[in-house]
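A short reminder: the numbers here are calculations on the coordinates, not readings from a lab. In this text the structure is predicted, and so the values were computed from the model without any measurement. Here the Cβ positions follow ideal geometry from the backbone for every residue, glycine too, while neighbour counts run over all protein chains shown.
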């Protein structure tokens with residue numbers, strides 16, 4: 001999005017009002033918890049918000065769309081629900097809701113369909129109490145829109161993210177079934193090594209941008225704190241980092257989509273990324289972004305009817321010969337090729353590990369990609385089934401976010 005100066009001011013006002021409503025509601029609940037009072041429900045918070053807009057201290061909340069403020073309360077409910085679900089083991093653990101700051105790297109507001117926003121015939125995005133904002137569209141929207149989220153990142157860039165209805169049948173038809181299966185070994189020199197012998201080099205986006213980032217950071221360090229020039233330099237640093245993150249994300253998307261399109265079953269190793277990020281290889285590990293890539297593989301496999309498998313991180317994939325299955329023991333990292341003492345096969349360390357990943361997941365592949373024995377094959381889509389209640393829940397929750 002490319003808002004004008006006046007529109008940026010209106011969006012900043014909306015970001016600020018949403019942040020204040022979120023913080024006020026969080027304080028009300030924290031005060032009630034500290035005093036031993038019952039949990040303050042969303043309906044009560046909404047009534048207090050309506051009353052606050054009539055006071056002199058919070059009258060300026062009426063300058064933005066009321067939907068923005070109500071969605072901020074919904075965000076607080078979601079944050080609290082996720083926190084308690086994490087404590088119950090229903091999802092990965094996350095921290096309790098905390099106060100938002102105007103200095104946060106990401107500011108956002110959300111508008112539902114009843115807010116009156118729409119896309120004009122000229123291709124602009126009309127937002128209530130903001131105006132018609134110029135947009136550079138990244139893709140054609142596939143269906144009717146239900147929600148739009150306006151985001152401002154640390155570099156001062158604005159984005160619009162839409163939620164639309166998706167058709168599961170169309171998703172499955174977009175990628176027809178294939179009989180191929182693959183195991184993936186992730187690394188640093190080569191980002192991914194496939195069990196068919198393919199090696200994908202690591203782009204090393206952060207390493208390649210280090211010189212530019214260094215100059216931008218040095219320029220920032222020379223600016224006086226609190227000055228306008230320092231704020232300009234900070235935005236330059238944020239945009240430089242944003243370009244690196246965008247390039248890495250695009251690489252992950254393209255590679256994960258290619259792998260999912262070409263294979264019916266995908267197996268990867270469950271790496272201890274947090275532990276590796278505390279070693280001397282920390283910068284390279286963060287630069288690779290393994291966790292984000294594996295997450296993309298997982299949700300794309302679920303969306304397009306593929307099978308996604310993880311194997312334990314303690315599987316000795318680099319110690320076992322993929323040809324005869326004999327375990328030779330650990331080998332130092334500088335050993336990239338070795339000869340099996342039992343069968344005499346000359347093995348590439350990375351390809352051998354990828355093949356072992358596939359075998360550990362129950363996939364029947366060899367170093368050349370050929371099937372070596374009958375193995376478990378994912379069922380055809382017309383043979384798979386889901387409990388009716390689970391199917392209905394999935395259908396109710398379908399939707400994609402389009403940047």
task = Give the order of 196, 231 when sorted by the count of other beta carbons within 10 angstrom, beginning with the fewest.
result = 231, 196
remark   = With 0.36 nm assigned to each residue of separation and the Cα-Cα distance removed, residue 346 to residue 334 gains 2.7 nm
inquiry  = Quick check: the angle from helix 66-87's long axis to the longest principal axis of the chain, C-alpha only, nearest 10 degrees?
reply    = 40
request  = Give the angle, between 0 and 90 degrees and rounded to the nearest 10, that separates the Cα long axis of helix 5-34 from the longest principal axis of the Cα atoms of the chain.
outcome  = 80
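For the chain, what's the relative contact order in percent, using C-alpha pairs closer than 8 Å and at least 6 residues apart?
15
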message = Nearest 10 degrees is fine. How inclined is helix 290-303 to the longest principal axis of the chain, computing both from alpha carbons?
response = 90
ask   = In whole angstrom, how far apart do the alpha carbon centroids of segment 201-263 and segment 129-175 sit?
value = 23
request  = Please give the contour-minus-distance gain from residue 213 to residue 31: 0.36 nm per residue of separation, less the Cα-Cα distance, rounded to one decimal in nm.
outcome  = 61.2 nm
ask   = Using the eigenvalues of the Cα gyration tensor, what equivalent ellipsoid semi-axes result for segment 276-364 when each is taken as the square root of five times the eigenvalue, whole Å, largest first?
value = 26, 20, 10
query = Cα convex hull of segment 5-164: mean projected area in nm², to one decimal?
reply = 11.5
query = Over the chain, one equal point on each Cα, no solvent: what is log10 I(q)/I(0) by the Debye formula at q = 0.06, 0.08 Å⁻¹?
reply = -0.34, -0.60
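Taking every eigenvalue of the Cα gyration tensor of segment 102-250, multiplying by 5 and rooting it, what semi-axes result, largest first, whole Å?
33, 32, 11
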